[in-house]
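Below: the structure, in structure tokens.
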Amino acid sequence: MTETTPNKPFVLKRFIPLIIFALLVVMLAVGLTLNPRLVPSPFIGKPVPEFELPLLNQAGTFTHEDLKGRVTLLNVWASWCFACRQEHEMITQLSRSGLRVVGFNYKDKAEDAISWLSQLGDPYEVIVQDLDGRVAIDWGVYGAPETFLIDKQGIIRHKVIGPVSDPKKLKALMEALEQLQSMES
């Protein structure tokens, strides 16, 4: 009488699909716990991308060079953006506090943007218009609102994805602004 031993490689082959499935479930579960809005920007600490865009409500253009010389908050917004409406009062308050705020109108019709500003107020020193969103891609923008804190040398120091009116995001922005101002004093 011969003793049969189970074929170990055969048994292992039967469980490979189950093991792969289990690994995929674990990866999905971990991925679902992450907040996509907390993805760190690769642009922090780097110069603003080169660009030249037309101004929204006046003749002329605005370039990356125009962002140098003063600490600036560049706010990406659009009239069709609900969250932009939510944060608009906070953007206005930041502008009134003396912070230079530049508007970056994203994939918007000029007449809609101008109407939106006439209804809600215009807190921006100047507004650039990116009709097709190509320059926004260079900035790493994937939606509105997004806000960038830029130092006097034109270096991006902080980025907010979503409305700055969110208390946690506002706190982080204000801390970054205070740190920047203390470094530049």
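Given a cut-off of 25 Å, name the pairs among 107/159; 68/168; 107/152; 107/168; 46/68 whose C-alpha atoms lie farther apart than that in the structure shown.
Over 25 Å Cα-Cα: 68/168; 107/152; 107/168.
If we sort 71-80, 43-52 on the protection proxy, mean other Cβ atoms within 10 Å, highest first, what's the order?
Values: 71-80: 22.2, 43-52: 14.5.
Order by mean packing, descending: 71-80, 43-52.
Working note: Cα gyration tensor of the chain, eigenvalues times five, square-rooted, sorted largest first, giving semi-axes of 48, 19, 16 Å.
When each of the peptides 167-179, 143-155, 91-103 is scored by how many other beta carbons lie within 10 Å of its residues on average, the order from highest to lowest is 143-155, 91-103, 167-179.
Estimated from helices alone, the mean residue ellipticity of the chain at 222 nm is -13500 deg cm²/dmol (sum of -39500 (n - 2.57) over DSSP H runs with n ≥ 4, per residue).
Hydrophobic, long helices, defined as DSSP H runs whose alpha-carbon span along the helix axis is 30 Å or greater and whose mean Kyte-Doolittle value is at least 1.0, occur in the chain at 8-33.
Counting only C-alpha contacts under 8 Å and six or more residues apart, can you give the relative contact order of the chain as a whole percent? Numbers along the way, then the final one.
Numbers: 267 pairs, mean separation 46.7, N = 185.
That works out to 25 percent.
Ordering 53, 143, 43 by Cα displacement along the dipole of region 33-176 toward the positive end leaves 43 in first place; charges were set at the Cβ atoms of Lys, Arg (+1) and Asp, Glu (-1).
No lab work stands behind these numbers, since they all come straight from the coordinates. Predicted model only: the values in this text are computed from it and were never measured. We place every Cβ from the backbone using ideal geometry, glycine too, and count neighbours over all the protein chains shown.
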